[in-house]
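Notes for the one structure printed next.
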Amino acid sequence: MSAQLIIVGAGQAAAQAVHTLTHEGYSGRITLIGNESHPPYQRPPLSKKYLAGELERKRLYIRPLDFYAQHGVDLVLGVNAERVDPVNLRVGLADGRDLAYDSLLLTTGSRVRRIDAPGAELAGIFYLRSIADADLISGQLQPGRRLVIVGAGYVGLEVAAVARSRGLEVTVLETAERVMARVVCREISAFYREVHEAAGVRIICGSGVREFVGDRQVEAVISADGTSHPCDLVVVGVGILPRIELAEQAGLRCQNGIHVDDEARTSDPNIFAAGDCTAHPNAILGRRVRLESVHNAVEQAKTAASSILGKARPYSQVPWFWSDQYDLKLQIAGLSEGYDQVVLRGNPADRRFAAYYIRDGQIIAVDAVNSPRDFLLGKKLVAAHAELDPLMITAVGSDLESIAKHIT
């Protein structure tokens, strides 16, 4: 009897795991369970080109629908996996089905963090995480309408850029003192705020939401200081949370994600996990981290697939992320948390520059704005725990590529 692999969660990690397994000759049966009606698709474009109407839905799909049939993968879509029995090796579905497995891969991803304020259930308040969410929001983006965005992170600012391009009046409310405060330095924050304000976006930082008001439909957002911001719709983007409920129910070790080792194995030897839902040890960073990125989902899924195949492929890479806003591409290599110095290379006025983050003399992250060269070099420097003289980074014409080649 052939092996039975069940994958719960139909996102980027799931699609990559299926591809790796089938490409490397997995001979068992694969069942892929997803709670949406769509096969695995890309989420980043939802707040960018797809929301702007510049990308067809079918181009969101990571693999064509017939790919799964061609490789003998059973797609079970539009149904939740509700329980895992790790003793009897079974997964129970919301429709009553009970499926057996030899190996289980959890790629359950994440869910939006919901805002807790009076009036939060009014019509016209949206969150963006799925194709259905993006379709609903896109239909509301009509010229002249007033949009309030709660949260000035990646999603909030990407939606702001799209909404301005479609002629809406846009106000962004952010509880922190600057935009993208969790992930970038003050210099990058200031640059992006200026760009958005020049495009006509009204940004108010240090301003949380006290309540939403309206008669069934949201009509205004009241900020913490009592200011009323009239609106026709609201988009909330205040972060995401790992979907670990199924793992917790199964008794797996969880803390800010499903704990996995560097081979994507959970505390149960028959269960693996990959993607946003996991917290993994990263040898380069020297600590356990949970990452919300396509890169992490793809690479960790490759590792999980290799482990299921009985091949060791430890996962430890430099994290990287990106955000598209207007004509700007922000690419981030590494994690800047805990930096003690920032050095800028290039001039923000040219809309092409980079911020190098340093801690105890080592480069720990690089934010590159319209500068793919700095981004690629940044990944090398972070991986090598490189130490560079800040003057060398800022020197006009300094050849960082040559420096990177000589770092061991």
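Residue check: is Ile403 at pLDDT below 95, within 26 Å of Val195 (Cβ to Cβ) and assigned to a helix (DSSP H, G or I)?
Values: at pLDDT below 95: yes; within 26 Å of Val195 (Cβ to Cβ): no; assigned to a helix (DSSP H, G or I): yes.
So Ile403 fails the test.
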Given region 282-360, what strands (runs of 3 or more DSSP E) lie entirely inside it while holding 1 or more residues that are aromatic (Phe, Trp, Tyr) and more than 22 Å from the chain's Cα centre (by Cα)? 352-359
Could you please find all residues in region 50-74 being free of Cβ contacts under 8 Å to residues at least 60 places away in the same chain and crowded, with 18+ Cβ neighbours inside 10 Å? Ile62, Tyr68, Val73
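Residue-wise test of (1) more than 22 Å from Tyr154 (Cβ to Cβ); (2) touching a residue at least 12 places away in the same chain (Cβ under 8 Å).
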| residue | (1), (2) |
| --- | --- |
| Ala199 | no, yes |
| Gly208 | no, yes |
| Asp215 | yes, no |
| Thr227 | yes, yes |
| Cys231 | no, yes |
| Gln255 | yes, yes |
Mind telling me which of the residues Glu36, Glu82, Glu24 ends up being in contact (Cβ under 8 Å) with a residue 12 or more places away in the chain, closer than 19 Å to Ala305 by Cβ, surrounded by fewer than 16 Cβ atoms within 10 Å (Cβ to Cβ) and assigned by TED's automatic domain parsing to the domain that holds Ala301? Glu24
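Within region 198-232, which residues are of a type in the set (Lys, Arg) and in a loop (DSSP other than H, G, I, E, B)? Give the steps one after another, and end with the answer.
Applying the first criterion (of a type in the set (Lys, Arg)) to region 198-232 yields 202, 210, 216.
The one that is of a type in the set (Lys, Arg) and in a loop (DSSP other than H, G, I, E, B): Arg216.
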Among the residues of region 299-321, how many are surrounded by fewer than 17 Cβ atoms within 10 Å (Cβ to Cβ) and among the charged types (D, E, K, R)? 2
Quick one: which residue in Ser130, Ser138 is modelled with pLDDT of 95 or more, small (Gly, Ala, Ser), under 30 Å from Tyr41 (Cα atoms) and touching a Gly at 6+ places or on another chain (Cβ under 9 Å)? Ser138
Please verify whether Ala152 is more than 26 Å from Arg210 (Cβ to Cβ) and either in a strand (DSSP E or B) or in contact with a strand residue (DSSP E or B) (Cβ under 6 Å, 6 or more places away or on another chain) (or both), treating the condition exactly as stated. no
Residue count, region 182-204, condition surrounded by fewer than 19 Cβ atoms within 10 Å (Cβ to Cβ), within 22 Å of Cys231 (Cβ to Cβ) and within 23 Å of the chain's Cα centre (by Cα), comes to 0
Extreme residue, nearest to the chain's Cα centre (by Cα), among residues of region 233-251 that are within 12 Å of Arg129 (Cβ to Cβ) and assigned to a strand (DSSP E or B): Ile240
Residue count, region 136-173, condition under 19 Å from the mean Cα position of the chain (by Cα) and among the acidic types (Asp, Glu), comes to 1
Evaluate region 135-143: report whether one residue or more is in contact with an Asp or Glu (Cβ under 9 Å, 6 or more places away or on another chain), surrounded by 14 or more Cβ atoms within 10 Å (Cβ to Cβ) and under 30 Å from His259 (Cα atoms). no
Quick check on my filter: what residues within region 89-127 are touching a Gly at 6+ places or on another chain (Cβ under 8 Å), part of a loop (DSSP other than H, G, I, E, B) and closer than 21 Å to Gly251 by Cα? Asp102, Thr107, Thr108, Gly109
Could you please find all residues in region 272-298 being in contact with a helix residue (DSSP H, G or I) (Cβ under 8 Å, 6 or more places away or on another chain) and either of a type outside the set (A, V, I, L, M) or surrounded by fewer than 23 Cβ atoms within 10 Å (Cβ to Cβ) (or both)? Phe272, Gly275, Asp276, Cys277, Thr278, His280, Ile284, Val294, Val298
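The values are calculated or read from the model by the stated rules, or taken from the named source; none is laboratory data. Just so you know, these numbers come straight off a predicted model, no measurement behind them. Cβ coordinates were reconstructed from backbone atoms using ideal geometry, including for glycine residues, and neighbour counts include every protein chain displayed.
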